[in-house]
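For reference, the structure is listed below as structure tokens.
Read-outs throughout are calculated quantities, based only on the coordinates presented, and are distinct from any laboratory measurement. Model, not experiment: these values are computed from the prediction. Cβ placement follows ideal geometry from the backbone for every residue including glycine, while neighbour counts extend to all protein chains displayed.
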Amino acid sequence: MSTATKTLLSGVKPTGRPHVGNYFGAMRQVVELQDEYASFVFLADYHALNFIQNADQMRAQSMGVAMDYLAIGLDPAKVVLFKQSDVSAHTELAWIFDTITTVPYLMRSHAYKDAEAKGHEVSVGTFNYPMLMAADILLYNPDVVPVGADQKQHVEYARDTADKFNRIFGDTFKLPEAIIREDVATVRGTDGRKMSKSYGNTIELFASRDEIANSVMSIVTDSSGDRPKNVYAIHRLLKSEEELEPLYGANTGNYKALKEVLIEDLEFLIAPLRVRREEIATDKASVMNILRAGAEKANERAEKKLKEVKEMIGVK
Ligand code: AMP
Ligand code: TRP
């Protein structure tokens, strides 16, 4: 682990194949910060249990997301990578937080309100989820929590909960800061809307060359201006304005040429990640070992904090 004095924590849902929006909006931040912070990154499998209720799928997707992070450069010598379900302190502390949290307060969560608005019967797990996430975070006393913009409110919940606990039982938790990169808060998909699996407008992060080409060719070109803004928006993730200006200037109206360059630029980013991902997938035993070692280190840290909490609340 790094010798850094500040701690970073982040959690990732095992949601299946990641796309370019996940990469620029969330995944890359963790790798970029791994030298600067003592980092804990976990796979939020108990979170995912709210929507993945199939053992084979759960196993495959948890391993999948671990391999995705290793493939984009997460270094297990620097980062403690583990599964949430391997550290039972998370669920235990979540219960303790449930007891100091009110129903109306949780009803204000965007995630809950969105699910309600869609007419879903919300599971208790989904409703309480902000308290599990508060526990995920606060067990490790992190200074920073890098997340996508949609998770901002959840980090606020963790801060409020830390503060409330400290007021009731005495100073125990540090209030963490969310890190949200505003420049990539919303990566646009092939139709110009937020890139999202549910809109079918994604470019997969570990796509084959053909898949990249198909996605790029499907980008909706808006011919009202002199440049295809949906093509440009994706291109800007890969290259600076200064690099793109001459290219787009010289190819006004020639959308096909611009798309062809975008395919090459995406291939340049993705090809090495894809190769690395394939290599890692041939050695699942090593990935399991990384998760096992991570769980050991995470348990050590989390148990220490939980013991302190138990003393504060008077059950120890
Ligand atoms: P999801 O798969 O939607 O749960 O997202 C996983 C992570 O990726 C979250 O931290 C999101 O904020 C981030 N993310 C998802 N889609 C995008 C997008 N289009 N642009 C930027 N970040 C995103
Ligand atoms: N809720 C986050 C998401 O949906 C995942 C997550 C769970 C998380 N626990 C966390 C992120 C703790 C940061 C810190 O993407």
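Side notes on the structure shown:
- Across the range 251-290, Cα-Cα pairs farther apart than 15 Å form 59% of the total.
- Percent of Cα-Cα distances greater than 25 Å, calculated over the range 71-227: 48 percent
- Reachable aspartates and glutamates, given that their alpha-carbon falls under 14 Å from the alpha-carbon of Lys13 and they are not under 8 places away in the same chain: Asp45, Asp68, Asp136, Asp150
- Summarised as an ellipsoid, the chain has semi-axes of 38, 22, 18 Å, derived from the eigenvalues of the Cα gyration tensor scaled by 5 and square-rooted, with the largest first.
- Cα convex hull, the range 1-114: 137 Å³ per residue, rounded to a whole number.
- Note that the range 13-19 has calculated 3J(HN,Hα) couplings of 7, x, 9, x, 4, x, 10 Hz, one per residue in order, obtained from phi through the Karplus relation 6.51 cos²θ - 1.76 cosθ + 1.60 (θ = phi - 60°); glycine and proline are x.
- Here the Karplus curve 6.51 cos²θ - 1.76 cosθ + 1.60, taken at θ = phi - 60°, turns the phi angles of the range 23-32 into couplings of 5, 6, x, 9, 4, 5, 4, 4, 5, 5 Hz, with x standing for Gly and Pro.
- The range 29-95: C-alpha gyration tensor shape, a/c 1.5 cut-off, then a/b vs b/c: oblate
- Equivalent-ellipsoid semi-axes for the range 190-269 (Cα gyration tensor, √(5λ), whole Å, largest first): 20, 15, 11.
- Look at where the Cα atoms of the range 274-316 and of the range 82-107 average out, and the two centres are 18 Å apart.
- Translational D in µm²/s for the range 209-316 (Stokes-Einstein at 37 °C, 0.692 mPa s, Kirkwood Rh from C-alpha pairs): 181 µm²/s
- Computed from backbone phi, the HN-Hα couplings of the range 191-198 come to 9, x, 7, 3, 5, 7, 3, 6 Hz, rounded to whole numbers (Karplus: 6.51 cos²θ - 1.76 cosθ + 1.60, θ = phi - 60°; Gly and Pro given as x).
- Relative contact order, whole percent, for the chain stands at 22, derived from Cα pairs under 8 Å and 6 or more residues apart.
- For q = 0.10, 0.14, 0.23 Å⁻¹, Debye-computed log10 I/I(0) when each Cα of the range 54-147 counts as one equal scatterer: -0.37, -0.71, -1.26
- Annotation for the range 89-161: GluC sites (Glu not before Pro) lying in DSSP loop with at most 12 further Cβ atoms inside 10 Å of their Cβ are Glu121.
- Between the range 7-75 and the range 159-207, the alpha-carbon centres lie 13 Å apart.
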